[in-house]
Amino acid sequence: MAWNEMIIETERDITEALSDAFLDTGALSVSVEDADAGTENEKPLFGEPGVDPLLPSWERARIVVLLAEGADPEVVLSDASKACGLPQAPSYLLRSLAEQDWVVLTQSQFDPIHIGKNIWVVPSWHEAPDKNAIILELDPGLAFGTGSHPTTRLCMEWLEQHLKKGARILDYGCGSGILAIISKKLGAKEVVGVDIDSQAVIAAKENAARNQCEIGFYVPDDFQAPFAQSQFDVVVANILTNPLKLLAPVLVNHVAPGGSLVLSGILEWQAEDVIAAYAPYISLQIWQTSEGWVALWGTLTKEVLKK
């Protein structure tokens, strides 16, 4: 069976209302894309670092509406436009979407990822390219972190090069748990992961069990009771710039004297701001860059700790 998709380009101020109206009038699904994607006017996605979260998304959006079988696009568009109070319905394009095995299609988009010298992140439906490597079995899911993003790779490469066996590790903002899991596979003695998203904590626990790694994952409130005074040999946080700046005293407080702090999720132009935010506690420097992103690193000295 073939499906029909309706594509409408709209201005920013009506995108959300029109998208909701399509769902209310019987659309099977609605997605919103940047109408300027691939051009010099392309803008970062909503919620990416450096984007004001209070602003709506793109100036011009492309709404893609998946229609139910037999639905009349003219009627659907007319009803949605009236619901939004538009004086007239916007123009649209209609395209046919052939039925596919969506599971197979999705899986085909995720191949094993080689990171650093000896790490492979392998989806469960693939064979590991090198069985002698350090293998993380990890499927794409709701929680951030499959190794495909430069910030994740930067943190994993740092851990592969610098993590000492027997170390204690805190992964703050653990997402899928990928950094915690690789730490355990690299020989860390104790690994703890924290995330504000309870669903991420659930996903991280499942991923750790799949990889036969014993790791404690917590939401912040549950983390505080057993670990409020705990210090770790390495604290790694791959989140966003603004949270990183706010968390400076919290994260540094969990770094043991002589231990390392590794931060990512930072665009190159944001690095100096983050370094400045941590300056009262620890001296950070750019460790490496990748595709416009940076990883910062620093060692906590006893003198700095006393401040």
Output yes when any residue across region 267-278 is of a type outside the set (Lys, Arg) and within 20 Å of residue 160 (Cα to Cα), and no when none is. no
Among the residues that make up region 131-148, is at least one of them at pLDDT 95 or above, open to solvent by 30 Å² or more (accessible area, probe 1.4 Å) and under 22 Å from residue 251 (Cβ atoms)? no
Please go through region 192-224 and pick out each residue that is among the acidic types (Asp, Glu) and over 19 Å from residue 238 (Cα atoms). 206, 214, 221, 222
Hey, could you check region 37-68 for residues that are in contact with a Phe, Trp or Tyr (Cβ under 7 Å, 6 or more places away or on another chain) and modelled with pLDDT under 85 and say which is most open to solvent (accessible area, probe 1.4 Å)? 43
Before we move on, is residue 298 at pLDDT below 95, buried (at least 20 other Cβ atoms within 10 Å of the Cβ), not polar (S, T, N, Q) and not in a helix (DSSP H, G or I)? no
Residue under evaluation residue 242, criteria (1) more than 20 Å from residue 194 (Cβ to Cβ); (2) part of a helix (DSSP H, G or I); (3) among the polar types (S, T, N, Q), criterion not met: (1)
Hey, can you tell me all the residues within region 187-227 that are open to solvent by 30 Å² or more (accessible area, probe 1.4 Å), more than 26 Å from residue 128 (Cα to Cα) and of a type in the set (A, V, I, L, M, F, W, C)? 196, 219, 225
Just a yes or no: is a residue in region 276-292 open to solvent by 10 Å² or more (accessible area, probe 1.4 Å), part of a helix (DSSP H, G or I) and either modelled with pLDDT of 95 or more or over 15 Å from residue 175 (Cβ atoms) (or both)? yes
Condition first: surrounded by 14 or more Cβ atoms within 10 Å (Cβ to Cβ) and hydroxyl-bearing (Ser, Thr, Tyr). Can you find one or more residues in region 153-172 that meet it? yes
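The values are calculated or read from the model by the stated rules, or taken from the named source; none is laboratory data. Worth saying up front: this structure is predicted, and the values here are computed from it rather than measured. Cβ sites come from the backbone with ideal geometry, for glycine too, and all protein chains shown count toward neighbours. Just so you know, the surface numbers come from the protein's heavy atoms only, side chains and all, with ligands and any DNA or RNA stripped out. Shrake-Rupley method; radii C 1.70, N 1.55, O 1.52, S 1.80 Å.
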